[in-house]
Amino acid sequence: MAEETSASQAPADIVVLGKVVEAYGLRGAVKVHAFADDPRSWGAVSHWWFGRDEDPPALWRRVRLIRCREQSGVLIATLSGVSDRNASESMRGLLIGMPRAALPATESSEYYWADLIGLEVVNQRDQSLGRVTGLIETAANDVMRVDDGLGSERLLPFVASVVLDVDVSSQRIRVDWEADW
């Protein structure tokens, strides 16, 4: 992958929006699985940031986006410095993100996954169920991974019938879910 920025220039607030799933064609394009609802808008951004889940933001690298299009539910992206299949295959598994400042503001009932990580999940009885450690995308709906801090994890569907309120400023998600479920 061609590096277009030094580590010292990497932003500290990268929001992960997708992942490179495989190479596409022979000329270096990549297939991207998007975690965000509107991946077509990514084509308007001049650069994408690439890194791994375990990498601190300072190790992520900025690469210029040449072209991006949607095809059969995935994005096909052509990137500067990625000119053949070998180069695009080496990017498999890399996460794609953008600095928070480059992202559009969310509506009142919309959230970036990154905003939900770490929030406390409480039920209607004010019992803490734990904290959100991640989200899983499924065909039916997104699922919150909630760690109770005692070695147990709950999987809660992120749907309106379960998630009653998300208050990012208070760091809390209220759910219709019992502690013994």
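Tabulated data for the structure shown
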| item | result |
| --- | --- |
| Gain on full stretching of the segment that runs from S152 to I66 - 0.36 nm per residue minus C-alpha separation | 26.5 nm |
| Antiparallel bridge percentage (DSSP; both residues within the chain; nearest 5) | 90 percent |
| Ratio of the Cα radius of gyration of the range 107-162 to 2.2 N^0.38 Å, where N counts its residues | 1.11 |
| Kirkwood-type radius of the range 37-122, with distances r between different C-alpha atoms, in Å | 14.8 Å |
| Segment S161-E120, length gained on full extension (0.36 nm per residue, minus Cα span) | 12.9 nm |
| Within the range 47-157: Cβ-based charge dipole about Cα centre, in debye rounded to nearest 20 (Lys, Arg +1; Asp, Glu -1) | 560 debye |
| Kirkwood-based shape ratio for the chain, expressed as Rg/Rh from alpha carbons | 1.02 |
| Fewest-first sequence of L150, L103, L26 by Cβ atoms within 10 Å of each Cβ | L150, L26, L103 |
| Residues W113, W177, sorted so that the one with the fewest Cβ neighbours within 10 Å comes first | W113, W177 |
| Which of V159, L65, V20, positive extreme of dipole for the chain (C-beta unit charges) | L65 |
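Any read-out appearing in this document is the output of simple, stated calculations on the displayed coordinates, not a laboratory observation. Note that this is a predicted model, so its numbers are computed, not measured. Glycine gets a Cβ as well: all are built from the backbone with ideal geometry, and neighbour counts include every protein chain shown.
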